[in-house]
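The next block holds one structure in the form of structure tokens; read it before the comments.
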Amino acid sequence: MPKTLDVSTHFATSEQSSTRVDELQFLIKECIGHSRSAQKKLYDRYSPDVYGIIKKFVYNNDQVAKEILNDSFFKIFRDLGQYSFQGAFEGWIRRIVIHSVTDYFRKNDKDEVHREVEAEDAYINSEPVDNLSHKELLKIIDTLPDAQKEVFNLFVFENYSHKEISKLLNIKQNNCRWHLNDARRRLKEKLTLFMK
């Protein structure tokens, strides 16, 4: 029997999607107009995802994570008028959050050492990683020095290129590669110890 397209479902889905866009536009306009209830709605809707992104960078420090969360939402509300409704709103928020995390590390990283990249990449065997829970993996990543953790998270979890990371962190691409390789090497050692 040939498949038929249920037109009513197609239009209902498309209608729901455009309704969500209209709701988001209305919510953003209300936030720009300093409506406290709209700001709370926006915060309640997006703060769990924002906090999840932040916790990848500061897994064991709730106080710092909350500080970055507050800073991120301060910037989101401050810059909402600049959102042009082109592209996903979630992507726009994500960029602000990444910049907030980066700003935090830049302000608080007193003894960051930049070295040149080593020739050998320290790749991690994925077999031990497959046996870890997400929480265990984040705990191990959190033990990395801040610079390595930041570069590793941006590269692995946020899919930033070395060029984007170097620009964001204001470091040379070679330093960015070194931090990533050093993070991989350290993680490889920690995973080996963890799996024994």
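So for the pair Q82, F26, with labels modelled 7 Å out along Cα→Cβ, what separation do we get in nm?
In this crude spin-label approximation the distance works out to 2.8 nm.
Rounded, prolate or oblate: which one fits region 126-195, using the alpha carbon gyration tensor with axes a ≥ b ≥ c (rounded when a/c is under 1.5, else prolate when a/b beats b/c, else oblate)?
Prolate, because a/c is 1.5 or more and a/b exceeds b/c.
Once you put a point 7 Å from the Cα of N60 and another 7 Å from the Cα of E189, both along the Cβ direction, what distance in nm separates them?
1.6 nm
Could you calculate the FRET efficiency of Y43 with K163 from 1/(1 + (r/R0)^6), where r is the beta carbon distance between them and R0 is 30 Å, rounded to 0.05?
Efficiency for this residue pair is about 0.35.
Computed FRET efficiency, Cβ-Cβ of S35 and E90, R0 25 Å: what is it to the nearest 0.05?
FRET efficiency, S35 to E90: 0.75.
Mind checking which lysines have their C-alpha under 19 Å from K75, skipping anything on the same chain fewer than 8 residues away?
K29, K40, K41, K55, K66, K107
Around E30, with a cut-off of 10 angstrom between Cβ atoms, what is the net charge of the other residues, counting Lys and Arg +1 and Asp and Glu -1?
+3
For region 144-196, what number of Lys pairs, 8 or more residues apart or on separate chains, have alpha-carbon atoms under 28 Å from each other?
For region 144-196, qualifying lysine pairs total 13.
Read the figures in this text as sums done on the coordinates, not as results from a lab. Every value quoted in this text rests on a predicted model; they were computed, and no experiment measured them. Every residue, glycine among them, receives a Cβ derived from its backbone with ideal geometry; neighbour counts consider all protein chains shown.
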